[in-house]
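Beneath this line is the structure, given in structure tokens, with notes to follow.
The values are calculated or read from the model by the stated rules, or taken from the named source; none is laboratory data. Just so we're clear, the structure is a prediction, and the values are computed from it rather than from any experiment. When we count neighbours, we look across all protein chains shown, and the Cβ atoms used for this are built from the backbone with ideal geometry, even at glycine.
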Amino acid sequence: MNHFRTCAARLRPLTASKNAQNFSKQRPTAAGAPRTFQPIRCYTAPVTTEPFLNGTSSNYVEEMYYAWLENPKSVHKSWDIFFRNANAGAPPGAAYQSPPPLGVNFSGLSQAQAVVGAQPSVEKLVEDHLAVQSLIRAYQIRGHHVAQLDPLGIMDADLDLCVPMDIVTSSNKLGFYGLNEADLDKVFRLPTTTFIGGTESSLPLREIIRRLEMAYCQHIGVEFMFINDLEQCQWIRQKFEKPGVMQFTLEEKRTLLARMVRSTRFEEFLQRKWSSEKRFGLEGCESLIPALKTIIDKSSERGVESVILGMPHRGRLNVLANVIRKELEQIFCQFDPKLEAADEGSGDVKYHLGMYHRRINRVTDRNITLSLVANPSHLEAVDPVVQGKTKAEQFYCGDTEGNRVMSILLHGDAAFAGQGVVYETFHLSDLPSYSTHGTVHVVVNNQIGFTTDPRMARSSHYPTDVARVVNAPIFHVNADDPEAVMYVCNVAAEWRATFHKDVVVDLVCYRRNGHNEMDEPMFTQPLMYKQIKKQKHVLQKYAEKLIAEGVVTRLEYEEEIAKYDKICEEAYTRSKDEKILNIKHWLDSPWPGLTRILKGRAAMVENRTVDWALGEYMAFGSLLKEGMHVRLSGQDVERGTFSHRHHVLHDQNVDKRTCIPMNYIDPNQAPYTVCNSSLSEYGVLGFELGFAMASPNALVLWEAQFGDFHNTAQCIIDQFICAGQAKWVRQNGIVLLLPHGMEGMGPEHSSARPERFLQMCKDDPDIFPVSSVWSAFDLQLYDCNWIVVNCSTPANYFHVLRRQILQPFRKPLIIFTPKSLLRHPEAKSSFDDMLPGTHFKRLIPEEGTASQNPAGVKRIIFCTGKVYYDLTKERKSKGMEDTVAIARFEQLSPFPFDLVKAEIDKYPEAEVIWCQEEHKNQGYYDYIKPRICTTIGRAHPVRYAGREPAAAPATGNKKAHLLELERFLDKAFNLDAFQDQP
């Protein structure tokens, strides 16, 4: 593409002349330029060359060029020839053709004839104006590549040493635009796509370049020109291009200095007192604290009342102390090696814990609630959890626009670029059932992973490039310039409040110590750490700057340091009296008033039966009617993966017209939210977990499309759901619905991997529970880390869902849900099983003819789930209904010791069999066997009937599947089949 087209095609069409006729078409744009819908206009030939001489013609020519690209006949023939010649590569001065005399037909001229009579000076003037506009656009697009972002001055934040060809770093680069040094003092009219002129409409080229460098090439680098919304781009240009925008009052500078003092001296205090302790300090990015406080201040000013934060461990203690404002003594006592935990649970390291605090924001004098969510070392796993918690708080307070509740997510550079859940979380940001109406993301960009150079850790220019997928603006800033940091954080908060969309602040900093305080970074980054050792602390540099400006005196600065040091020392003294840590101080959101509030259910019609889907519907409906919000999320949950649910009805004739009948049960009911999620397990499950954190009086369910799809959400399950209460004393009542069953559908659509969940249950297989205070059953539920069930009847599914709300505490509930049983003719329940007075059955005993003659029973088969129906069918076909009893576990964990004992005691002559359809090394066997042995005092062996061990969960061959089924069913009823088993 020749020079003229390169310049013009990159520029947005500007205002046309008043004789233009409008057409509604879309103009083409160059790659990377925003596509905007603007009118196409028809243009006449200019009467004179005067418009070129007063500096206004470039807009006019640009308009015509775009119009010509759409329709060559929309401009006068002379302009048609000019544009054709220029695009064909005519040399400078040869493309212009003056308007023809009246009556002359240009169509008969050859191209060579058309070029004759050109006016080089006019064309040069046009091209120079377009070149300047292209130069301005180049700075807007690529100025960040040459911004001074690295505080150490040794690295390029974009991992690229090259300066873009279209960025003018010397007069030599002017040649790229067909300009030279003599043009530097020429005055050029500024396009309306820039605000560098302030109140001036024209500037000398030298001043244009200077102002562009000040706006885009200093300590702030702005990425925004990929955003395909003109209004948003113009908004950002105003914030960074207007002269003098980054000005602060004396009071603002003094507040900033005080915050830098607290951030810096807190880390130095910890280092003095506990030099050998890991704390993942903030040294090298101390400006993070004023950055967060600025975002919170500005958001509070715009009406935000609650801010939910998630962050990795680096700087967490500092954030807790100086942003959340946790009592310092509670932080310091965490370093006491003799500290005892007052509450049940394993606890967690201090830099994983969360906090909830409501306080006055001193800048705005408004109440603000700050909540930092506890999270594990999986650095970005907390992202969707925070978003879910934020969504829930918005939901419960009726904040449909995100004006009152917002989230802030902190990230490390390596994790932000490397962790897939970051991408998943971004893709939830604009989905109706998941959007939190904008998140401010703050990246603590150490320019290093643990020991991994960023050039080995990512393929993108910046760690933040993933945010471009949702058109989030990205503000890179040198973290050693606190005022620049404060400015971009103000802009980020305003962006979020204005557009309700995500925004990223990339704090380019360094890590003064190693990965932690015990790590020696010189082994792997010697050049970087030689420079860091020489690097003056940012507090010292900023204090000297303010002292030189006369903002503060040196005495005032030293007094500020002494005041905060005294606060730390006094808190340290008090911390020695904290003999026992009360971990409730570290909860990230309180649940006041959790009690039994359901008072009864309406009578149901007798002699009616329900299948699985209707049982679920009735459970949800009864809870909604009694004021309990129900939220069901996952892939295809509205209809149900197996077409069984149909909770959202679609008009068959009108697109997007839908109805959710369950929202019309009762005028005073709670709302029902059912939403198909994005194709994400990790991100969505984390989101739903966070949503469930916000209120105990809501039934929040996540359904996997198939049970084993939770593989990609394993981090959320292992780190948050399984161990969340033990680590953070954080109860959560989330429900996981995991379709499970061997149906001959292959290894990827069969198993919800029950063995994994059962292996992580904390109950002791060798102890038969006994309690004199509570019933053993209630105590088991209270003590467990989660509940695992495999219901075989709709009534039991109905009851276990309701029990999740009725019980006076919250535990995660894992439900292995059926596939073929959804429509199995025998998998039905009567309404009588769901009336008041009925309840969830942890174990369903034999209820057939075998139970009438217990002494004659030779074998009792325990099982769970779908295989029960296979067993009863096989028993009937073999005519063994009198001699074989079959009991089914509905609740696997906590293990129903009492009911198992009663069932075994009933059949004194029966041998005990465990039958499962899963392979022996999978499923339930390894969990069930030792607990049955404890129940019966190891008086009898527990035999196994099921598939043999295997690496894969299931075969994909239907014939092999049926053959395996036939074999283990035959073994289950063959009295001589277990001679080889001990």
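Can you pull out every residue in region 849-868 that is assigned to a helix (DSSP H, G or I) and either under 54 Å from the mean Cα position of the chain (by Cα) or closer than 23 Å to Ser792 by Cα (or both)?
Of region 849-868, the ones assigned to a helix (DSSP H, G or I) are 849-852, 854-856, 867-868.
Across region 849-868, the qualifying residues are Thr849, Ala850, Ser851, Gln852, Val867, Tyr868.
Per-residue answers, yes or no, for (1) over 20 Å from Ser820 (Cα atoms); (2) surrounded by 14 or more Cβ atoms within 10 Å (Cβ to Cβ); (3) charged (D, E, K, R):
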| residue | (1), (2), (3) |
| --- | --- |
| Glu616 | no, yes, yes |
| Glu638 | no, yes, yes |
| His644 | no, yes, no |
| Asn653 | yes, no, no |
| Ala694 | yes, yes, no |
| Ala698 | yes, yes, no |
| Phe706 | no, yes, no |
Checklist outcome for this item: Note on Lys929: of the conditions (1) charged (D, E, K, R); (2) in contact (Cβ under 8 Å) with a residue 24 or more places away in the chain; (3) touching a strand residue (DSSP E or B) at 6+ places or on another chain (Cβ under 6 Å), unmet is (2)
Item to check | Subset of region 228-247 that is modelled with pLDDT under 95 and of a type in the set (A, V, I, L, M, F, W, C) - its residue that is nearest to Arg279 (Cα to Cα) | outcome: Met246
Item to check | Enumeration of residues in region 221-238 that are aromatic (Phe, Trp, Tyr) and surrounded by fewer than 18 Cβ atoms within 10 Å (Cβ to Cβ) | outcome: Phe226
Checklist entry - Can you pull out the helices (runs of 4 or more DSSP H) entirely within region 745-816 that have at least 1 residues that are within 18 Å of Asp708 (Cα to Cα)? => result 754-759
Checklist entry - Can you name the condition, by its number, that Ser276 falls short on among (1) within 30 Å of Arg512 (Cβ to Cβ); (2) surrounded by 23 or more Cβ atoms within 10 Å (Cβ to Cβ)? => result (2)
Checklist entry - Quick check, is Ala543 more than 25 Å from Glu251 (Cβ to Cβ), buried (at least 16 other Cβ atoms within 10 Å of the Cβ) and of a type outside the set (D, E, K, R)? => result no
Checklist outcome for this item: Out of (1) at negative phi; (2) surrounded by fewer than 20 Cβ atoms within 10 Å (Cβ to Cβ), the one Gly744 does not meet is (1)
Checklist entry - Out of all the residues in region 496-516, which are among the aromatic types (Phe, Trp, Tyr) and either more than 25 Å from Ile220 (Cβ to Cβ) or assigned to a loop (DSSP other than H, G, I, E, B) (or both)? => result Tyr510
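Suppose we filter Thr658, Thr673, Thr641 for residues that are β-branched (Val, Ile, Thr), modelled with pLDDT of 90 or more and either within 29 Å of Ala723 (Cβ to Cβ) or out of contact with any Ser or Thr (no Cβ under 9 Å at 6 or more places or on another chain) (or both); which single one remains? I'd like the intermediate steps shown before the answer.
Details: Thr658 fails: modelled with pLDDT of 90 or more; Thr641 fails: modelled with pLDDT of 90 or more.
That would be Thr673, the only listed residue that is β-branched (Val, Ile, Thr), modelled with pLDDT of 90 or more and either within 29 Å of Ala723 (Cβ to Cβ) or out of contact with any Ser or Thr (no Cβ under 9 Å at 6 or more places or on another chain) (or both).
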Item to check | Residue that is in a helix (DSSP H, G or I), within 17 Å of the chain's Cα centre (by Cα) and surrounded by 20 or more Cβ atoms within 10 Å (Cβ to Cβ), where the choices are Ala467, Ala472 | outcome: Ala467
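Within the bounds of region 799-810, is there any residue that is of a type in the set (Phe, Trp, Tyr), within 30 Å of the chain's Cα centre (by Cα) and surrounded by fewer than 18 Cβ atoms within 10 Å (Cβ to Cβ)?
First pass over region 799-810, keeping only residues of a type in the set (Phe, Trp, Tyr): 809.
Within this subset, residues satisfying the condition of being within 30 Å of the chain's Cα centre (by Cα) are 809.
With the extra rule that they be surrounded by fewer than 18 Cβ atoms within 10 Å (Cβ to Cβ), the set shrinks to 809.
Yes, region 799-810 contains at least one residue that is of a type in the set (Phe, Trp, Tyr), within 30 Å of the chain's Cα centre (by Cα) and surrounded by fewer than 18 Cβ atoms within 10 Å (Cβ to Cβ).
Taking Pro825 as the residue in question, decide whether it is free of Cβ contacts under 8 Å to residues at least 24 places away in the same chain and not in a strand (DSSP E or B).
Values: free of Cβ contacts under 8 Å to residues at least 24 places away in the same chain: yes; not in a strand (DSSP E or B): yes.
Yes.
Please pick out the residue among Thr199, Thr194 that is closer than 15 Å to Arg137 by Cα, among the β-branched types (Val, Ile, Thr) and in the same structural domain as Ser134 (by TED's automatic domain parsing).
Numbers: Thr199 fails: closer than 15 Å to Arg137 by Cα.
Sole residue among the options that is closer than 15 Å to Arg137 by Cα, among the β-branched types (Val, Ile, Thr) and in the same structural domain as Ser134 (by TED's automatic domain parsing): Thr194.
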Checklist entry - Would a scan of region 946-961 turn up a residue that is farther than 22 Å from Arg756 by Cβ and either among the hydroxyl-bearing types (Ser, Thr, Tyr) or assigned to a loop (DSSP other than H, G, I, E, B) (or both)? => result yes
Item to check | Single residue of region 170-192 satisfying the filter (part of a loop (DSSP other than H, G, I, E, B) and touching a helix residue (DSSP H, G or I) at 6+ places or on another chain (Cβ under 7 Å)) that is farthest from Asp150 (Cα to Cα) | outcome: Lys186
Item to check | Pick from region 717-731, criterion crowded, with 21+ Cβ neighbours inside 10 Å and charged (D, E, K, R), ranking: nearest to Val386 (Cα to Cα) | outcome: Arg730
Item to check | Within region 881-904, tally of residues that are surrounded by fewer than 16 Cβ atoms within 10 Å (Cβ to Cβ) and more than 23 Å from Asn796 (Cβ to Cβ) | outcome: 1
Checklist entry - Can you name every residue in region 517-572 that is of a type outside the set (Gly, Ala, Ser), over 39 Å from the mean Cα position of the chain (by Cα) and not in a helix (DSSP H, G or I)? => result Val551, Val552, Thr553
Item to check | Residue list for region 244-264, filter: surrounded by 15 or more Cβ atoms within 10 Å (Cβ to Cβ) and outside any helix (DSSP H, G or I) | outcome: Met246, Phe248
